[in-house]
Amino acid sequence: MEQLSEPPVNCRMILAGSAALSRLEEHSFTCLAAFSRSLYLKTKTGKLICLLTQELEPGPLNALCAPWPAEAYLPAPGSRVQRLGDTLHWPGVSIFLQEVALWQPPAPPPETVPEALVPLEVFLKETAARAATDFSPLFAHFLAGADLPDASSPLLAAGADALTPLALWLRALDSLPPGKPLPPPAISGLLGLGPGLTPSGDDILGGAMIALRLTGRDREAAALYDAIRALPGRTNAISLAHLELAAAGQGAEALHLLLLSLFTGVFSGEAAERLNGVGHSSGWDMALGAALALYLPGSRP
């Protein structure tokens, strides 16, 4: 990518998640990947930070900046980015960090128990009206036993096959005797499934871990993350960085807002619409994983 040095571009970092802010304490980074509206930096310790335009979703790994540099000013993959004092710098661009605000996910209500959960039939109706991704039919398929469309795409069919072991694992959780170790979930077909920076299968796993954490099922979320880490090389470094934070219960703000609305019994159409802006299909894929963790018998706290 051709780099321009004149005129210099001055930006401000407006909002950043706790993981991004912590990692920005380092002073030397490498550009891992650059896109028109975002770029990933890697620290010397191998941790990632996502810089992105302020029109995109906040999240734990994300740092929103404005104005966003034109694509010609973005650093090339492999190039060096430095922090000099309170400024993040690469040739032609300075991002000022003095007034960056901390993003945190909205706190769930004190009692995130399913008694107040939006009824499943309402959730499915609202979802069907908004979700339009390759995996959208899997909501009704796994949560209500609906058949897949006759003209199922190969990706949809693969998704249904790969997701079945996870759904069975979630259904079986409440039948385990107290104190018995959790059996490992079979996710080898799901991890890395689908195209993109964060494959759909990974986003489903991330959404499930976030919902489990927010409903107090830390042990189950940890078991899912252990299964992910037991499959090295099955997905890419960017997706793994997001999964690490999902395992701790943090993801895109739109997903948190939707879950908060589900917990309080009133479906938020606004939060659901925002999911459309999270990646190519990441928002709704995460919502699918979260829904499995909330609505399947056995997966509830």
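The values are calculated or read from the model by the stated rules, or taken from the named source; none is laboratory data. Only a predicted model underlies this, so the values are computations on that prediction, with no experimental measurement involved. We place every Cβ from the backbone using ideal geometry, glycine too, and count neighbours over all the protein chains shown.
Tell me whether the stretch 156-173 contains one or more residues that are of a type in the set (Phe, Trp, Tyr), over 22 Å from Ser239 (Cα atoms) and without any contact (Cβ under 8 Å) to a residue 60 or more places away in the chain.
Let us first name the residues in the stretch 156-173 that are of a type in the set (Phe, Trp, Tyr), namely 169.
Imposing the further condition that a residue be over 22 Å from Ser239 (Cα atoms) reduces the set to 169.
From what is left, the residues that are without any contact (Cβ under 8 Å) to a residue 60 or more places away in the chain are 169.
Looking through the stretch 156-173, at least one residue is of a type in the set (Phe, Trp, Tyr), over 22 Å from Ser239 (Cα atoms) and without any contact (Cβ under 8 Å) to a residue 60 or more places away in the chain.
Evaluate the stretch 188-210: report whether one residue or more is surrounded by fewer than 16 Cβ atoms within 10 Å (Cβ to Cβ) and charged (D, E, K, R). Spell out the reasoning first.
Step one: list which residues in the stretch 188-210 are surrounded by fewer than 16 Cβ atoms within 10 Å (Cβ to Cβ), which gives 188, 195.
Subsequent filtering for residues that are charged (D, E, K, R) retains none.
No, that holds for no residue.
Ala151: at pLDDT below 90 and not aromatic (Phe, Trp, Tyr), yes or no?
Numbers: at pLDDT below 90: yes; not aromatic (Phe, Trp, Tyr): yes.
Criteria met by Ala151.
If Ala146 passes every condition in (1) touching a Phe, Trp or Tyr at 6+ places or on another chain (Cβ under 7 Å); (2) assigned to a loop (DSSP other than H, G, I, E, B) but one, which one does it miss?
Only one criterion is unmet by Ala146, namely (1).
Give the residues of the stretch 257-297 that are crowded, with 21+ Cβ neighbours inside 10 Å and hydroxyl-bearing (Ser, Thr, Tyr), sorted by residue number.
Ser281, Ser282, Tyr295
If you check Phe135 against the conditions, is it assigned to a loop (DSSP other than H, G, I, E, B) and aromatic (Phe, Trp, Tyr)? It would help to see each step written out before you state the result.
On the way: assigned to a loop (DSSP other than H, G, I, E, B): yes; aromatic (Phe, Trp, Tyr): yes.
Yes.
Would you point out the residue of the stretch 168-187, among those that are surrounded by 11 or more Cβ atoms within 10 Å (Cβ to Cβ) and modelled with pLDDT under 85, that is nearest to Leu292 (Cα to Cα)?
Step one: filter the stretch 168-187 for residues surrounded by 11 or more Cβ atoms within 10 Å (Cβ to Cβ), giving 168-174, 176, 182-187.
Now narrow it down to the ones that are modelled with pLDDT under 85: 174, 176.
Numbers: Asp174: 14, Leu176: 18 Å.
Selected residue: Asp174.
Output the number of the condition that Leu288 fails; it satisfies all remaining conditions of (1) within 18 Å of Leu143 (Cβ to Cβ); (2) in a loop (DSSP other than H, G, I, E, B).
(2)
Consider Ala76 against the criteria (1) part of a loop (DSSP other than H, G, I, E, B); (2) of a type in the set (A, V, I, L, M, F, W, C); (3) farther than 25 Å from Ser261 by Cα; (4) not assigned by TED's automatic domain parsing to the domain that holds Leu15: it satisfies all of them except one. Which criterion is unmet?
Condition not satisfied by Ala76: (4).
For Gly92, which of the numbered conditions (1) of a type outside the set (A, V, I, L, M); (2) within 24 Å of Thr198 (Cβ to Cβ); (3) touching a helix residue (DSSP H, G or I) at 6+ places or on another chain (Cβ under 7 Å) fails to hold?
Status for Gly92: all satisfied but (2).
Checking the structure you have, find out if any residue of the stretch 90-100 is exposed (fewer than 12 other Cβ atoms within 10 Å of the Cβ), assigned to a loop (DSSP other than H, G, I, E, B) and of a type in the set (Asp, Glu). Step through it out loud before you land on a result.
At the first step, the residues of the stretch 90-100 found to be exposed (fewer than 12 other Cβ atoms within 10 Å of the Cβ) are 98-99.
Add one more test, that the residue is assigned to a loop (DSSP other than H, G, I, E, B), and what stays is 98-99.
Next, from what is left, pick out any that are of a type in the set (Asp, Glu): 99.
So far as the stretch 90-100 goes, yes, one or more of its residues are exposed (fewer than 12 other Cβ atoms within 10 Å of the Cβ), assigned to a loop (DSSP other than H, G, I, E, B) and of a type in the set (Asp, Glu).
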